[in-house]
Amino acid sequence: MSTEATLLERCDSKCELCAAQSSLSPYVVAPHTQITVDHAIMLCATCSSQIEQPETMDANHWRCLNDSMWSQVAPVQVMAWRQLKRLSATESWAQDLLDMMYMDEDLQKWAEIGMNDDEDKPRDVNGVELKKGDDITVIKDLPVKGSSMVIKQGTAVRGINLTDDPKHIQGKVNGQTMYIIAEYCRKK
Ligand SMILES: [Zn+2]
C-alpha cells in the first residue's frame, strides 16, 4: 500500500486535526521533509492553510484540538501541541488544554523543534542539527540525479558542507561532490 493510502486508512478519511471529511492531503510535520507514515498527517485544506499562514488562524476552528490532542498518532500529537502553543498566546482555553496534554519526552522534543526560529537549519533523521564539518552516515540507498549512480546505505561522508537549502547537505562520495537529503543522514 502506498504511504498516502496507509495514511488515508489511518485517518478514516477524516482530517486528523478537525475531523472534516473534505479533501485531505498529507502534511509533513517539520523538521521532517518526506511523507512517511511516522512523520505525516492527513489534513483538510482549512487546517493546512491556517498552519502554513499562522496570521490567518481562526481560533474557533482550533477548538477541534480538544479531541485530536488525545490522538494515539505521534505526528498528530506534535501538531496539536504546536497549534495549542501558538493559540495559548491569546486563548486561555488553549493554555488549559496544553496543561492537560501529556507527550513522551521524544515527542515533546520534536514538537519544540518546530517552534524555534531555526527551521532553516538542516537536520538529520533524528532531528539533530547538521553543521559544516560534521561526519554523517547515509541511512538509505539514494539515487543520484542525472546518473545511474547510487549512494549506498551506510556510506560514510566526512566533513559535510551546508547548502542554501536546509533539506540538502553537500558531501564528497567517491571523490565527487554530491547533494544529499539531510533527512537521509545520521550524524556520527
Ligand atoms: Zn482539518
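Worth a mention:
- Residues of region 150-167 that are assigned to a loop (DSSP other than H, G, I, E, B) and of a type outside the set (D, E, K, R): Q153, G154, T155, G159, I160, T163, P166.
- There is at least one residue in region 109-118 that is in a helix (DSSP H, G or I), β-branched (V, I, T), in contact with a strand residue (DSSP E or B) (Cβ under 9 Å, 6 or more places away or on another chain) and at negative phi.
- Each residue in region 22-34 was checked for being within 17 Å of S68 (Cβ to Cβ) and either more than 14 Å from the ligand (Cβ to nearest atom) or without any contact (Cβ under 8 Å) to a residue 12 or more places away in the chain (or both), and 1 pass.
- Candidates K188, K172, K131, K167: the one that is of a type in the set (K, R) and within 15 Å of the chain's Cα centre (by Cα) is K167.
- Single residue of D141, D164, D120, D124 found to be loosely packed, with under 12 Cβ neighbours inside 10 Å and under 19 Å from Q34 (Cβ atoms): D120
- Condition broken by I51, with the remaining ones in (1) modelled with pLDDT of 95 or more; (2) within 15 Å of the ligand (Cβ to nearest atom); (3) surrounded by 18 or more Cβ atoms within 10 Å (Cβ to Cβ) satisfied: (1)
- Residue under evaluation L43, criteria (1) within 10 Å of the ligand (Cβ to nearest atom); (2) of a type outside the set (K, R); (3) under 22 Å from D106 (Cβ atoms); (4) not in a loop (DSSP other than H, G, I, E, B), criterion not met: (3)
The values are calculated or read from the model by the stated rules, or taken from the named source; none is laboratory data. This is a predicted model, so every value here is computed, not measured. Cβ sites come from the backbone with ideal geometry, for glycine too, and all protein chains shown count toward neighbours.
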